[in-house]
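Below is one structure; the comments refer to it alone.
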Amino acid sequence: MATSSSFTAVFFSSAFAACFAEVCTIPLDTAKVRLQLQRKAPLPLPPAAAAATAAAAGGTLATIMCIAREEGVAALWKGVIPGLHRQFLYGGLRISLYEPVKVFFVGGAVVGDVSLLSKILAALTTGVIAIVVANPTDLVKVRLQADGKANTVKRSYSGALNAYPTIIRQEGIGALWTGLGPNVARNAIINAAELASYDQFKQMFLKLPGFTDNVFTHLLAGLGAGFFAVCIGSPVDVVKSRMMGDSMYKSTLDCFAKTLKNDGPCAFYKGFIANFCRIGSWNVIMFLTLEQVRRFFL
């Protein structure tokens, strides 16, 4: 079990790596959220909404260009402040808790290779714990990213720090945990896909001839982790984004059913390319940064 001092060091190094990756990749995340919130519109759309729909049809790059053109380049970094709040809490907790929880599931000190099942259980557990704490920051991030999209409710928060008290005042403190169900499912699944697969890929690569514990190995393991995370987590990610970004849904099941009925099964993989570019690059940057920070400080 990690000591309190080592836990603190791992927490802050993990939080730093997660925040650095967030700043680098949040434009892709903004495009992903806009794509996921895009719904089929049965009625004629106003010009702004029509432009947004056309951009969504064009994919990730067209969406980024449309946001930059219609709302300004700075709009691509909408939600970066709550994004950093989220990564400091969520990224710090999920990674720093991973090793202690893995030791718990193993039943003692880790000797030799840990089974994939133990890694998955540890990552699922830390993902749940971390997102329950960080859900309010995720909600504010999604709402700020969605605000300005033509077919969503305009909330016009002046910023992240204004959004938290505004939500509490207008909707009650419980509203900060809106979308907790799909968010727990999404983050537990993605955390398991990221941490467990990165751990497994790295362990696998290090057993191959010519591979050492270096930047190239970390890069390959990070890409593999990102791909698994997107493939497995996209459906719950879409449901989470829609529930947090649009108030028309009553529950997780209602959102899932309406999305399936109105937009078809492919809607659950809307923004897949943006999501993979985002999560793939995010994982590479985060794990590369984390490995270097750990070597330097630990």
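Tabulated data for the structure shown
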read-out	value
K149 being over 21 Å from S251 (Cα atoms), charged (D, E, K, R) and modelled with pLDDT under 90	yes
Count of segment 244-277 residues which are open to solvent by 10 Å² or more (accessible area, probe 1.4 Å) and more than 28 Å from E171 (Cβ to Cβ)	8
Inter-residue pairs, beta-carbon under 8 Å, first farther than 17 Å from N275 by Cβ and not assigned by the TED database to the domain that holds L93 and in segment 187-199, second of a type in the set (G, A, S) and surrounded by fewer than 24 Cβ atoms within 10 Å (Cβ to Cβ), 6+ apart	Y198/G224
Condition check for S158: polar (S, T, N, Q), closer than 30 Å to E70 by Cβ, at pLDDT below 90 and touching a Phe, Trp or Tyr at 6+ places or on another chain (Cβ under 8 Å)	no
Residue ranges of helices (runs of 4 or more DSSP H) in segment 187-298 with at least 1 members within 30 Å of V114 (Cα to Cα) and not hydrophobic (A, V, I, L, M, F, W, C)	197-206, 215-245, 272-297
Subset of segment 167-186 (residues that are more than 9 Å from N135 (Cβ to Cβ) and either assigned to a helix (DSSP H, G or I) or touching an Asp or Glu at 6+ places or on another chain (Cβ under 6 Å) (or both))	I167, I168, R169, Q170, E171, I173, G174, A175, G181, P182, A185, R186
Complete set of residues in segment 154-198 that are open to solvent by 30 Å² or more (accessible area, probe 1.4 Å) and under 22 Å from the mean Cα position of the chain (by Cα)	L161, Y164, G174, W177, T178, L180, G181, V184, A185, I189
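The values are calculated or read from the model by the stated rules, or taken from the named source; none is laboratory data. Not measured: the values here are computed from a predicted model. Ideal geometry is used to build each Cβ from the backbone, glycine not excepted, and the neighbour counts take in all protein chains shown. Calculation scope for accessible area: heavy atoms of the full protein, side chains included, ligands and nucleic acids excluded. Shrake-Rupley method; radii C 1.70, N 1.55, O 1.52, S 1.80 Å.
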